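**Q** Have a look at the structure that comes next, please.
Read-outs throughout are calculated quantities, based only on the coordinates presented, and are distinct from any laboratory measurement. What you see is a predicted model; the values in this text were computed from it and never measured. Using ideal geometry, Cβ is built from the backbone for each residue, glycine included, and neighbour counts are taken over all protein chains shown.
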Amino acid sequence: MIASEKTTRFQKFLKEKNISSALIFNFVDIFYFTGTIHGNVLYVPAEGESLLFTRRAVQRTKEEIETGQAVAFSSFKEIKPYLSNLGEKTGFLLDATPAGLYKKILSDLEIDEKRVYDLSNDLKFFKMVKSPDEIEKIRKAGLIVQNTYEELQNSIVPNMTEYEIAIEVEYLLKKNGHLGENRFRGLNQIGLLTYVLSGANISKAAVHDTPYGGTGTAKAMGVGASNRIVREGEVFMVDSVGSFEGYHNDNTRSFIFGEIPPKVLKTYQDLFEIYRFIADEMKPGSICEAIYLSALEKVKKMGYENHFMGLGESRVGFIGHGIGIQVDEFPVLTRKFQTVLEPGMTLAIEPKIFDEEFGGVGIESTFLITEKGSRILTGLKEDIFQI
């Protein structure tokens, strides 16, 4: 779906909600609707041409913008004469607009806060179904990770640290075409290119919403790969997000140097059964919460209830999430999420089983919902990578 089609569909949505216009400040959302990140304020009226106001790189913005008109400005008060359709209800993305900026905009544009409508969740639902063009970009993002993991086997050896392995992963990701940044919507989500975690670090709790965090190399980072040495016979997880032209594909695989211990192999085989169960449940008409609860019931029957998706305080209450122009999109496979799956949705499912003895195993892949069910958007092998 090209930018103009997204904007047209969004304008139709605004009309249905009786919203006169929307003001967007987040550069990721600006990119989604215009094809460029070089703008400061995007004005989308329910009818008429959208305007992208930019303070710097004006000529570049005019060259890159795919729909609407780029307009130079130096202060917010200057743009008020252009906003002919603020009307009775103006949409803001309050989840992605800093409070100070929001207050300044209300003041400079003389917008009564009673007329503000928060579009945050609406836009998340709006972006769930992807176009063929978006799906192809997500597939290519997955190919970056696939090539990286396949090449990684030839560039790492036992007794490297997690951080040294992470350096190799990041190098290969970029060599294979990664943009160099992963984009999240959630507050304080750290967009590392990869997590490499082993042993007790696999289940180390972190502040952000993930079943594992790792320790990082310093408290100032607090998550990710550490200086822990990964030895032969130790399982370790590599969790990387591919990025192609702004779209993401999330993949975790378990790796090991040498032979796979019987307990690790059995745990992984059970995990893979859960993973395939979730993938098979994802089909048009399925409800996100129902998939989640069915998976939990299966986990309980298999005896992993207290070891699934984290240990102790690190346990999280989801097994999958939407993915696209940001890593943490809707829909979410969790409690109380009643969204019905539709063809064109893309979700990363990420079951993980943790163990006090060897750390844990995990697998994550990005899937496309099709008319018939779900289809993985990468050719990456699903076994443990044995080096």
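**Q** With n ≥ 4 as the cut-off for DSSP H runs, can you work out [θ] at 222 nm for the chain, using -39500 (n - 2.57) per run divided by the number of residues, rounded to the nearest 500?
**A** Numbers: 10 runs with 119 residues, N = 387.
Per the formula, -9500 deg cm²/dmol.
**Q** What percentage of all Cα-Cα pairs in segment 117-270 are separated by more than 23 Å?
**A** In whole percent, the share of Cα-Cα pairs in segment 117-270 beyond 23 Å is 43.
**Q** So, counting K/R as plus one and D/E as minus one, what does the shell of residues with Cβ under 14 Å around ILE65 add up to? Numbers along the way, then the final one.
**A** Values: positive: LYS6, ARG60, LYS62; negative: GLU49, GLU63, GLU64, GLU66.
Summing Lys and Arg as +1 and Asp and Glu as -1 gives -1.
**Q** Using the alpha-carbon centroid of each, what span in Å lies between segment 194-235 and segment 327-354?
**A** First find each Cα centre; the distance between them is then 24 Å.
**Q** In addition: Nearest 10 degrees, 0 to 90: what angle lies between the long axis of helix 162-175 and the longest principal axis of the chain (Cα atoms)?
**A** Tilt relative to the chain: about 50 degrees.
**Q** Taking 8 Å as the Cα distance limit and 6 or more residues as the minimum spacing, I'd like the relative contact order of segment 183-250 as a percentage.
**A** 30 percent
**Q** Still on this structure, please answer the following. Over the Cα atoms of segment 63-203, each weighted equally, I'd like the Debye log10 I(q)/I(0) at q = 0.08 Å⁻¹, rounded to two decimals.
**A** With one equal scatterer per Cα and no solvent, log10 I(q)/I(0) is -0.42.
**Q** First obtain the Kirkwood hydrodynamic radius of segment 3-126 from its Cα pairs, then insert it into the Stokes-Einstein equation at 4 °C and 1.567 mPa s, and state the resulting D in µm² per second as a whole number.
**A** Numbers: Rh = 14.3 Å.
Rounded, D is 91 µm²/s.
**Q** Still on this structure, I have one more. With axes computed from alpha carbons, what is the tilt in degrees of helix 262-281 against the longest principal axis of the chain, rounded to the nearest 10 within 0 to 90?
**A** The angle comes out near 30 degrees.
**Q** What is the ratio of the Cα radius of gyration of the chain to 2.2 N^0.38 Å, where N is its residue count, to two decimals?
**A** Output field value: 1.05.
**Q** Another question, then. What does the charge count near GLY359 come to, summing +1 for each Lys or Arg and -1 for each Asp or Glu among other residues with Cβ under 11 Å from its Cβ?
**A** -1
**Q** Continuing with the same structure: List, in the order given, every pair from LYS12/LYS89; LYS300/LYS352; LYS137/LYS174; LYS6/LYS80; LYS204/LYS301; LYS15/LYS127 whose Cα-Cα distance in the structure shown is over 19 Å. If you can, show how the numbers build up before the last one.
**A** Numbers: LYS12/LYS89 15 Å; LYS300/LYS352 14 Å; LYS137/LYS174 16 Å; LYS6/LYS80 25 Å; LYS204/LYS301 26 Å; LYS15/LYS127 17 Å.
Over 19 Å Cα-Cα: LYS6/LYS80; LYS204/LYS301.
**Q** After finding the eigenvalues of the alpha carbon gyration tensor for segment 253-387, what semi-axes result from the square roots of 5 times each, listed largest first in whole Å? Don't jump to the answer; show the numbers that get you there.
**A** Working: eigenvalues 127, 59, 32 Å².
Listed largest to smallest, the semi-axes of segment 253-387 are 25, 17, 13 Å.
**Q** Given contacts defined as C-alpha pairs under 8 Å and at least six residues apart, what's the relative contact order of the chain, whole-number percent?
**A** On the way: 854 pairs, mean separation 57.6, N = 387.
The normalised contact order for the chain reaches 15 percent.
**Q** Rounded, prolate or oblate for segment 146-226? Axes are the square roots of the Cα gyration tensor eigenvalues, ordered a ≥ b ≥ c, and the cut-off for rounded is a/c under 1.5.
**A** Judged from the Cα gyration tensor, segment 146-226 comes out oblate (a/c at least 1.5, b/c at or above a/b).
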